[in-house]
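Heads up: the structure comes next, in structure tokens.
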Amino acid sequence: MERLSEPYLTNDLPGISGRIRSVPEDFQVEERPLYLPCGEGEHLYVTITKRGLSTPDLVRRLSSTLGIKAQAIGVAGLKDARAVTTQMISLQGVSPEQVAGLSVDDTILNVTVLGRHRNRLRTGHHAGNRFRLTIREIAGHAKETVPAVLEQLTRRGIPNYFGPQRQGKDGANYQIGAALLHDARRRDKMNRNQRIWYLNTYQSFLFNRILARRIDQIDRLFIGDWAMKQDNGACFQVDDAEKEQPRADRFEISPTGILFGSRVSWAGGEPGAIEEAVITEAGATKDTLITSAKACGFRGERRALRVPLAELDCSLNGDILTLSFSLPPGAYATSVLRELMKTPSTHSSS
């Protein structure tokens, strides 16, 4: 099943085109902490602002400079290189004096010590991200189009697509993940992290196809849906869609799609039929997905089909648009950009 272009929620409105990331300062990200260090423990928490440096590159640099293993460094999320980003990092067995000795240059702009904590910072341990994005050379009709697009995204939600960088060049990553479903020997030759990575890319590919099928009704609930609560991420199955729809209209809950696994619940009714149709078209079955997930030890989960566009601010100055907004963990800022710009390159990074 080849990767298709994901449909837009605002397909009735023209794109403003334009350029992003002319300079790293055009894409600024501030990670919001889920908690602050308690003040004691062997892990030193710091915040680092960096420019033109990816999170994996930062980890390698810190490991080399501080003389610690990469496994002693904890991060909550991965940030792109083509940006100015601020994120929290945990460093095991490192003193504040060592951190103070880190050189600040044109890639590491600032380092702030927060304090000590008992546990290593782990993936997903953040409350989301605040973005400040600049789009240059936009179309002349942007003055009318931008408010209309942002109104729809604010009212209905942002399509919660995974970015295509997960799938790799020409979909190579998800295609390997698909092959692993049917090839136990190939799975066994990989280490656990590799297996999970490739199967996760296949998860995201299937999720995007499910979301694409439901894009026109992204804010509607149906009997059999698994709805996710916005405040805590808990899910429940919808047995009375008419009763629950007002909560969806208030963005208290949202419909979800499946990220397959050994323990995750599949939708019923019409949503379930869509999920099964997508995996059938991809040449898979529920049984093969569950068997592979068991072999790799991951349970799966439900992912919201949409996310809220929060703390929105925008300004238009000639042919330059500046946007600020916040997104929850796991959501892609480029999902906002692609709805505005409607050019293929806007969905290349998160």
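Computed quantities for the displayed model
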| read-out | value |
| --- | --- |
| Residue within segment 312-325 that is outside the structural domain of ARG263 (by TED's automatic domain parsing), surrounded by fewer than 23 Cβ atoms within 10 Å (Cβ to Cβ) and assigned to a loop (DSSP other than H, G, I, E, B) present | yes |
| Residue satisfying all of: in segment 1-17; surrounded by fewer than 13 Cβ atoms within 10 Å (Cβ to Cβ) and at pLDDT below 95; farthest from ALA212 (Cα to Cα) among these | GLU2 |
| Selection count, segment 203-241, where residues are in a loop (DSSP other than H, G, I, E, B), in contact (Cβ under 8 Å) with a residue 40 or more places away in the chain and farther than 18 Å from SER265 by Cα | 4 |
| Residue ID - farthest from ALA81 (Cα to Cα), chosen from residues in segment 19-47 that are assigned to a loop (DSSP other than H, G, I, E, B) and of a type in the set (A, V, I, L, M, F, W, C) | CYS38 |
| Boolean, ASN129 is at pLDDT 95 or above and assigned to a loop (DSSP other than H, G, I, E, B) | no |
| Any hit, segment 9-22, residues being in the same structural domain as ILE108 (by TED's automatic domain parsing) and of a type in the set (Asp, Glu) | no |
| Test: ARG136 is surrounded by fewer than 18 Cβ atoms within 10 Å (Cβ to Cβ), charged (D, E, K, R), under 30 Å from GLY318 (Cβ atoms) and in contact (Cβ under 8 Å) with a residue 40 or more places away in the chain | yes |
| Per-region count, segment 203-250, residues more than 29 Å from TYR174 (Cα to Cα) and β-branched (Val, Ile, Thr) | 2 |
| Filter result for ILE20 (at negative phi, surrounded by 20 or more Cβ atoms within 10 Å (Cβ to Cβ) and not aromatic (Phe, Trp, Tyr)) | yes |
| Segment 48-63 - residue that is among the charged types (D, E, K, R) and either outside any helix (DSSP H, G or I) or outside the structural domain of LEU109 (by TED's automatic domain parsing) (or both) and, of those, farthest from THR86 (Cα to Cα) | ARG51 |
| Test for THR134: is it farther than 25 Å from GLY18 by Cα and either among the polar types (S, T, N, Q) or at pLDDT below 95 (or both) | no |
| Boolean, GLY272 is at pLDDT 95 or above, buried (at least 20 other Cβ atoms within 10 Å of the Cβ) and assigned by TED's automatic domain parsing to the domain that holds LYS189 | no |
| Those residues of segment 168-178 which are part of a helix (DSSP H, G or I), surrounded by 11 or more Cβ atoms within 10 Å (Cβ to Cβ) and at pLDDT below 80, in sequence order | GLY171, ALA172, ASN173, TYR174, GLN175, GLY177, ALA178 |
| When residues of segment 292-329 are limited to those that are free of Cβ contacts under 8 Å to residues at least 40 places away in the same chain and out of contact with any Lys or Arg (no Cβ under 7 Å at 6 or more places or on another chain), the one nearest to LEU211 (Cα to Cα) | ALA310 |
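Every residue, every condition in (1) in contact with a His (Cβ under 9 Å, 6 or more places away or on another chain); (2) in contact (Cβ under 8 Å) with a residue 60 or more places away in the chain, yes or no:
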position: SER22; (1), (2): no, yes
position: ASP26; (1), (2): no, yes
position: THR47; (1), (2): no, yes
position: LYS50; (1), (2): no, no
position: THR55; (1), (2): no, no
position: GLY74; (1), (2): yes, no
position: THR85; (1), (2): no, no
position: VAL104; (1), (2): no, no
position: LEU114; (1), (2): no, yes
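The values are calculated or read from the model by the stated rules, or taken from the named source; none is laboratory data. Model, not experiment: these values are computed from the prediction. All Cβ positions, even for glycine, are placed from backbone atoms using ideal geometry, and neighbour counts span all protein chains on display.
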